[in-house]
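Notes for the one structure printed next.
The values are calculated or read from the model by the stated rules, or taken from the named source; none is laboratory data. A quick note: this is a predicted structure, and the numbers were derived from the prediction, not measured. As a convention, Cβ positions derive from the backbone with ideal geometry for all residues, glycine included, and neighbour counts pool all protein chains shown. With ligands, DNA and RNA removed, areas are computed over all heavy atoms of the protein, side chains included. Shrake-Rupley method; radii C 1.70, N 1.55, O 1.52, S 1.80 Å.
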Amino acid sequence: MGLLAASIVVLLEATTGDIPGQPYYYVWRQLAYGVVGLVLMLAVSRIDYSRLREYRNAIYLGMIGSIVAVFAIGSAARGSRRWIELPFFNFQPSELGKLLLVVALAGFVVDRIRQLHERQTTVKVTLLGLGPATLVVAQPDLGTGLVYLAITGAVLFVAGTRWSHLAALAAVGVSAAVFALVVAPAVGVEVLKPYQRDRLTAFLHPTADPREEGYQVNQSLTAIGAGGKTGRGSEATQTKLNFLPEHHTDFIFAVVGEVFGFVGAALVLSLYALLIWRALRVVTLAKNLFGALLAAGVTAMLMFQVFVNVGMTIGLAPITGVPLPLLSYGGSSVIVTLLALGLLQSIHARSRELSLAKAVA
Amino acid sequence: MYLETDRRPGLTPQLAVRIAVLGFVALVGFAVIFFRLWYLQVLSGDRYLQEANNNRVREIRVQAPRGEILDRNGRVLVANRPSLALEVTPDKLPRDRARRQEVFRRLGRILGVSPRRIERSVERQFKAMPFAAATVRQDVSLPVVAYVLEHQDRLPGVTVERVFLRSYPYREIGAHLFGTVGEVTAEQLRQDRYRGVAMGDRVGQSGIEYEYDRFLRGRNGANRVQVDARGRFKGELSVRRPIQGRNLRLSIDLDVQRAGQAALASGTGRGAFVVMDVRTGEVIALGSQPSFDPSIFAKIVRASDYRRLTDPLNGAPLLNRAIQSGYPTGSTFKVVTAAAALETGLITPGSVIYDPGSITISGITFRNAGGKAHGAVDVRRALTVSSDVFFYRLGADLNARGTQLQRWAHALGFGRRTGIDLPGEWEGLVPSPAWRNRLFKRRLTDRPWTVGDNVNLAVGQGDLRADPVQLAVAYAAIANGGRVVVPRIGLRVEDASGRPIQSLQAPPARSVRMSQVTRQAILDGLRGATSAPGGTATPVFQGFPIPVAGKTGTAEKGAGRADQSWFVGLAPYPAIRYVVVVTDEAGGFGAETAAPMARRILAALFDVRNDRAPSGSAPD
């Protein structure tokens, strides 16, 4: 709730006047998404998450289907197809897909709880995650694709996959990254589009090309740095004068940094820390492995998005289009994050029921 | 139903470890972010704050209008008119060649010029001044400006600037005085006189504009504006208004200037004139024919225009013949010879020489112009009737006494710059034995100095080169008792309401010691030339209400070429205030063309209405 409120406040600062004639366009819409999300969250928290396990195959197929559907009927923006246009907002299946993937993977893993140590299982789970991730990257939406991989990794990790398997996966991942970023371009094979590659590596040397790929990082750093200890309030020129691109979505944290300074940024960070700490607690409290894995997947999703998003605004991580949970403007993202939190609550609630039942017994 | 199988009542140690790892990762992640934020915001916040401010502030220079140039009665000779110019700013142009050419293509379509031409011109300007904006087109129409401003996104680097262009209400009148204004060059910026001028500023490049640039040039204003990421205007931060340059009042009288220009144009169309106050050096009018419309130079000059204006076959209109020409002066030089002879004691005002029409010196026979015999003449009469023989004799005798004639010519201002407040003045030439012998030694001439050279010089022929302003200064010195004035066109610097701020008058450069007797003898002779029977210009000035003294001159230009006509007038006589010098390059006898022109100018000067100058024909 705190984060949602923060989102509204920050968006108020960030986007007022972005669209002439409708000063509060983004604010109102975000508020609407928040309300919808909260309702859904409450609904989800009431249902028994364990039932979801039964539908895991359908969920998985549904997820793949909706992502594929984007290619067919999705609308394009800035060179990528990520959205399906609905009457009130543009639905982004890959966002919902994150949550669906968590459920599907958790279900799959729990089904094979006895074969968890087998290499085959590890590979299968990895491939299950890799499939939709590849599709999303092809949209192209590299950032969300990476979230899928993070979720897959986290589920495997918490499920108890052998360390050696994890190490092998990590090794494969690193070599794949090296291949995509260094080797492939050198031999002329285009795994990633050049701009994607540039964006991924730009944060390492932002001043090398201040006009192009380094621009966003530089502007973001300037915005955050200029915020100083207590922020610039309405003097936040980087934000208000649009020097900072995407300031209402991917770079919203830079707005926090500029407008509210170190104090504000630290406060927002603490809220996330609190959220993740609570999420981790839900993992430990889950009444069964399915719940623990669900909670772990959601936690990983939140962690990854927070770290990558905040990291990119402060020049520590590559620029990938990952929204900051709840803070970034965007219907799909807000609603899905709230759904995920609803799921966490459901897990938490069932665990309490269980311990309550135990206590009664 | 499979609740039993996946039941996990307690936390397995393995799971606990892994969750702990996850938690640790989160902790490290938050710690890193936290410290990075601390570093960015608390430790280096100031630096980024400064960067953010640089990001949003652009300084837009507002060009200051130059001061106006007025004539002595306050009529505006050079004014300003605001104009909109399309400029291309180098660092805002797309760096990508294809996209840059796209901009030029669009500009070409808007302006109706080939994109190649625009690109070439812009590149040439960038090469000359790498960081200044290049002007694509001056004086663009409002619809074009509106279109460009509305399509800034598609025309990156193209800006509209309000500039002030010089306007010249009297067009060709006085064109040679004003000079031109142009962007300061990199070379000029290194000079002291351009201190405070910035790249891209427009400064005077010639004429009065150059000479008095530091007064005329104002101080540019600067508007600090806030812009967004695309450079779009978001609000004004501070405004420093431009300060218009000081007005400059010239000693020029527009009516006299106009009369002079018209008089010259009525002759062969090539010549020059100057009207000067003999006491102060104030130039009342100064002009050269053919003239040109200076507004050509208010914008970027087209190469074809420039060729036309410098083409000798066309009379080279840009040449200011009043200060840059260098002609033999003909008989008008005789006053110098007379002064030298009288002052060195070679003759007295009463000395008489018999003039039979010709004289033989060192085996060469020199003849009077027209072969006329004037009989026994003294210096007064010799000036009045323009006896060549009299001055030939003096030339020969002065040669025997060394370089007295040259010394006097030099003292009166020949062969040196007068110091007039116009750039580009030529010093002219007074031939001397040393000069010719040096040329001879270098094999640049076929013979050393002979007495014949001095004889020729004595009547203003041969190698003598002088321009009208030098003659005006020399005659002024004789008229005012020996003060060699520095001619001045600038009268004073004024503020916008006409209050004088600084006077521009220069003290006389030096004085020539000349006895009253000498002076009077010469002036008597000059007065005779316009009033006594037999005076060379007497017929010309018949009926003119203002008493004038003067001297005609006819300079031989060599076989087959028409003589150059001269007249120097002093008026009113005897309380002489003004000197008028007129020359017409192919006008023939001085009395024929130059003297009537001088009469027209004097008529304007003294406001003589309905004066009709009879055309004279007497040879000098």
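Here are some residues: B:GLY395, B:GLY460, B:GLY428, B:GLY415. Which one is out of contact with any Lys or Arg (no Cβ under 9 Å at 6 or more places or on another chain) and either open to solvent by less than 40 Å² (accessible area, probe 1.4 Å) or under 26 Å from B:LEU319 (Cβ atoms) (or both)? Break it down stepwise before answering.
Working: B:GLY460 fails: out of contact with any Lys or Arg (no Cβ under 9 Å at 6 or more places or on another chain); B:GLY428 fails: out of contact with any Lys or Arg (no Cβ under 9 Å at 6 or more places or on another chain); B:GLY415 fails: out of contact with any Lys or Arg (no Cβ under 9 Å at 6 or more places or on another chain).
It is B:GLY395.
Out of all the residues in the stretch B:489-508, which are modelled with pLDDT of 90 or more and open to solvent by 40 Å² or more (accessible area, probe 1.4 Å)?
The answer is B:ARG492, and nothing else.
Would you pick out the residues in the stretch A:41-63 that are under 13 Å from A:GLY107 (Cα atoms) and either surrounded by 14 or more Cβ atoms within 10 Å (Cβ to Cβ) or not small (Gly, Ala, Ser) (or both)?
Within the stretch A:41-63, A:TYR49, A:SER50, A:ARG51, A:LEU52, A:ARG53, A:GLU54, A:TYR55, A:ARG56, A:ASN57, A:ILE59, A:TYR60 qualify.
Exactly one of (1) surrounded by fewer than 24 Cβ atoms within 10 Å (Cβ to Cβ); (2) among the β-branched types (Val, Ile, Thr); (3) farther than 17 Å from B:TYR475 by Cβ is unmet by B:VAL278. Its number?
The number of the failed condition is (3).
Is it the case, given these coordinates, that B:ARG483 is under 30 Å from the mean Cα position of the chain (by Cα), open to solvent by 30 Å² or more (accessible area, probe 1.4 Å) and at pLDDT 90 or above?
Criteria met by B:ARG483.
Out of A:GLY330, A:GLY342, A:GLY315, A:GLY291, I need the residue that is in contact (Cβ under 8 Å) with a residue 60 or more places away in the chain and either open to solvent by 20 Å² or more (accessible area, probe 1.4 Å) or under 14 Å from the mean Cα position of the chain (by Cα) (or both). Which one?
A:GLY330
Can you pull out every residue in the stretch B:349-392 that is open to solvent by 40 Å² or more (accessible area, probe 1.4 Å), of a type in the set (S, T, N, Q) and in contact (Cβ under 8 Å) with a residue 40 or more places away in the chain?
Once the filter is applied, which keeps residues that are open to solvent by 40 Å² or more (accessible area, probe 1.4 Å), of a type in the set (S, T, N, Q) and in contact (Cβ under 8 Å) with a residue 40 or more places away in the chain, the stretch B:349-392 yields only B:SER362.
Any residue in the stretch B:238-258 that is modelled with pLDDT under 80, farther than 30 Å from B:SER121 by Cα and within 14 Å of another protein chain (Cβ to nearest Cβ)?
Scanning the stretch B:238-258 turns up no residue that is modelled with pLDDT under 80, farther than 30 Å from B:SER121 by Cα and within 14 Å of another protein chain (Cβ to nearest Cβ).
Here is a list: B:ARG465, B:ARG443. Which entry is basic (Lys, Arg) and either farther than 30 Å from B:TYR578 by Cα or buried (at least 23 other Cβ atoms within 10 Å of the Cβ) (or both)?
None of the others qualify; the one that does is B:ARG443.
Given the conditions (1) within 18 Å of the chain's Cα centre (by Cα); (2) touching a residue at least 40 places away in the same chain (Cβ under 8 Å), and given that B:GLY221 satisfies all but one, which numbered condition is not satisfied?
Looking at each condition in turn, B:GLY221 falls short on (1).
Would you mention how many residues in the stretch B:562-600 are under 17 Å from B:ALA479 (Cα atoms) and of a type in the set (D, E, K, R)?
Matching residues across the stretch B:562-600 total 1.
Among the residues of the stretch B:538-549, is there at least one that is in contact (Cβ under 8 Å) with a residue 40 or more places away in the chain, under 21 Å from B:LEU457 (Cα atoms) and out of contact with any His (no Cβ under 8 Å at 6 or more places or on another chain)?
no
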